[in-house]
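Where a number appears in this text, it was derived from the coordinates with a stated rule and is not lab data. The structure displayed is predicted, hence computed values, not measured ones. Please note: Cβ atoms are built from the backbone with ideal geometry, for glycine as well, and neighbour counts cover all protein chains shown.
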Amino acid sequence: MSTVESNTGETMIVESTKNQGVMTITLADEENRNALSSDLIAQLLSAIDAADADREVRVIVLTNRGRVFCAGADLKAPSTGRRGVPTAVELFSRFAESPKPFVGRINGHCVAGGMGIAAAMDISVAVDTAKMGFTEVRIGVAPAMISVLCLPKMRSAEASEAFLRGNRFLAPEAARMGIINAAVPADRLDQKVDEIVSDLMLGGPQALAACKALTRKVSTMSLEEAFEWTSQLSAELFASDEGREGMRAFVEKRPPSWVSDPGTALGHTDTDDR
């Protein structure tokens with residue numbers, strides 16, 4: 001296991017570790033409840049850049065230290081869009097634009113802007129005791145930017161109620177709304193995340209990036225545009241080195257080259273069901 005550390009001497013409030021192709025990024029500003037300060041956003045962006053640039057990294061897990069996953073905006077020093085200061089918009093965009101899948105391991109309370117991070121994950125799991133909510137109205141603002149991430153996942157009526165009431169609810173309710181994927185007891189959190197990561201590690205890196213693009217783009221296109229773009233994407237994937245290797249591996253009943261644990265792959269690949 002290797003650790004990514006600051007070379008500038010700054011206090012590290014975002015920590016990264018790499019192990020067997022998985023980069024774990026930990027929000028560690030416990031004193032500030034992992035609020036989205038400019039420092040935390042800058043360090044988180046730097047960690048994502050490092051993960052994206054590392055070809056060995058296949059999956060990124062985002063988690064937290066302490067009782068709070070993310071308390072939203074840093075109200076002590078709210079971002080005002082000053083030039084050169086990283087913003088939450090940049091952060092949310094990087095989650096979407098990264099070719100690598102993000103798994104949220106939400107091990108604590110998550111409100112306001114933190115809900116945006118939870119929704120920005122490709123797959124997110126929270127401990128079932130975590131309190132969540134869109135609390136912005138109670139300080140006289142609105143969940144404006146994070147609505148871009150949350151509204152596509154929620155029923156309109158439920159979004160309206162949650163945004164307007166500003167009340168907190170437990171993670172199982174957030175899962176029912178579609179904001180996160182699952183809520184589990186604390187003693188099952190690591191098991192659930194490990195299951196998800198194991199499945200993701202069986203997918204081809206190029207294919208995983210394509211799946212992220214599909215979920216982000218197709219819903220914004222007309223039917224004609226969607227079929228045109230997806231047919232081209234499909235042809236490119238089938239003709240690619242990764243696609244050809246995957247199909248050869250399937251025919252030969254062996255794990256493809258990107259799978260590091262053949263035993264796991266053989267246990268998860270349903271070659272007899274097709």
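Brief remarks on what is shown
- The chain: C-alpha gyration tensor shape, a/c 1.5 cut-off, then a/b vs b/c: prolate
- Pair Thr220, Asp194: separation of 7 Å Cα→Cβ label points (nm): 3.8
- Helix-derived mean residue ellipticity, 222 nm - over the chain, DSSP H n ≥ 4, -39500 (n - 2.57), to 500: -13000 deg cm²/dmol
- Close amide-amide hydrogen proximity is noted between Val14 and Ala28, each under 5 Å apart and 5 or more residues distant or on a separate chain (H modeled in the peptide plane; Pro and chain starts excluded).
- Top positive-direction residue, dipole computed over the chain with Cβ charges, set Gly203, Phe250, Ala142: Ala142
- Qualifying trypsin sites (Lys or Arg not before Pro) for the stretch 10-111 [loop in DSSP, other Cβ within 10 Å: at most 16]: Arg55, Arg65, Arg67, Lys76, Arg82, Arg83
- Extending 7 Å from the Cα toward the beta-carbon at both Ala96 and Asn167 defines two label points whose distance is 3.1 nm.
- For the stretch 2-200, a simple Cβ point-charge model (Lys and Arg +1, Asp and Glu -1, everything else neutral) yields a dipole of about 580 debye relative to the Cα centre.
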